[in-house]
Amino acid sequence: ITITGGEPLHFIIQLKELVNHLDEFKEYNIDFKMLGIESNGNLLSSIDNLLELIKTFQIFKRAGVNPHLTISPKIDSESCYENQLSQAEINNMYYKVYENLENYFPFENYYKYVWNINPKVNKLILDHIDRLFKLNVKPDHIFLMPYTPKDPLGKDKEIWEKSKDITAKDALKFGVRYSPRIHIDRKLD
């Protein structure tokens, strides 16, 4: 099970309560062995929030569930896609959120980036991927996901197809994984 959002770390206290419902999953023949939390990471720049997440993951680990964290930085689409992002905002999104993880987080974590937004952000992502490689993060723990335009299956279909193609090729070139947007291609939204 992957819990995403919005931002699930706003509900870190409630996530602990999920462990009390593990037996209910078994009633539906669901063997709940993995728990993924997908977060933009902003709340983890606070050591208190990071410690709370570690405590929550320890509770799940003791219950036989393997927890992991995926950091997927998201920036407001209007400012990001329109090249209005300040350097301070970029540094906060792509560097500050990782300080505590690099030093204190004892669980498996992954990184997922929206690719092909604009050259300024792509360069920042590449710089960060290089930094992750230097920290011995496994390449299969890093994902590039194509930028999704407003109407990917309609008027923006050509942009969408090009974005997927560029992202897949670049993921191969950089030695990381490609994360498809199946719900869009299969019209599940």
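The values are calculated or read from the model by the stated rules, or taken from the named source; none is laboratory data. Being a predicted model, the structure only gives us computed values, none of them experimental. All Cβ positions, even for glycine, are placed from backbone atoms using ideal geometry, and neighbour counts span all protein chains on display. Calculation scope for accessible area: heavy atoms of the full protein, side chains included, ligands and nucleic acids excluded. Shrake-Rupley method; radii C 1.70, N 1.55, O 1.52, S 1.80 Å.
Counting only protein heavy atoms, what percent of the accessible surface of the chain is carbon or sulfur at a 1.4 Å probe?
51 percent
Considering only protein heavy atoms, with the full assembly of protein chains and a 1.4 angstrom probe, order 34, 145 by accessible area, largest first. Please list the in-between numbers first.
Details: 34 95, 145 10 Å².
Largest to smallest exposure gives the sequence 34, 145.
Using a ≥ b ≥ c from the Cα gyration tensor of segment 29-76 (square roots of the eigenvalues), is it rounded, prolate or oblate, where a/c under 1.5 gives rounded and otherwise the larger of a/b and b/c decides, a/b for prolate?
Since a/c reaches 1.5 but b/c is at least a/b, the shape of segment 29-76 is classed as oblate.
Between residue 29 and residue 62, how many nm apart are label points set 7 Å from Cα along the C-beta direction?
3.3 nm
Where does the charge balance sit around residue 157 when Lys and Arg score +1, Asp and Glu -1, over other residues with C-beta under 14 Å from its C-beta?
Once all neighbours under 14 Å are counted, the net charge is 0.
Please determine, in degrees from 0 to 90 and to the nearest 10, the orientation of helix 119-134 with respect to the longest principal axis defined by the Cα atoms of the chain, where the helix direction is its Cα long axis.
40 degrees
Give me the angle, in degrees from 0 to 90, between the Cα long axis of helix 47-62 and the longest principal axis of the Cα atoms of the chain, rounded to the nearest 10.
Helix 47-62 and the main axis of the chain meet at about 60 degrees.
Got a number for the accessible area of residue 46? Probe 1.4 Å, square angstrom, nearest 10.
40 Å²
Output the relative contact order of the chain, whole-number percent, from Cα pairs under 8 angstrom with separation of 6+ residues.
Reported relative contact order: 17 percent.
Evaluate the chain: find the radius of gyration of its Cα atoms, find its Kirkwood radius, and give the ratio Rg to Rh.
0.98
7 Å from Cα along Cα→Cβ at both residue 187 and residue 48: what's the point-to-point distance in nm?
About 4.9 nm, to one decimal.
Considering only protein heavy atoms, what is the solvent-accessible area of residue 16 at a probe of 1.4 Å, reported in Å² to the nearest 10?
Probe radius 1.4 Å; accessible area of residue 16 about 50 Å².
Would you please give the FRET efficiency between residue 10 and residue 158, computed as 1/(1 + (r/R0)^6) with r the Cβ-Cβ distance and R0 = 41 Å, to the nearest 0.05?
0.65
In terms of Cα to Cα distance under 16 Å, which lysines are near enough to residue 55, apart from those fewer than 8 places away along the same chain?
16
Run lengths n ≥ 4 of DSSP H only: what is the helix-derived mean residue ellipticity at 222 nm for the chain, with -39500 (n - 2.57) per run over all residues, to the nearest 500? Let's see the in-between values first.
Numbers: 9 runs with 85 residues, N = 189.
Calculated from helices alone, the mean residue ellipticity at 222 nm is -13000 deg cm²/dmol.
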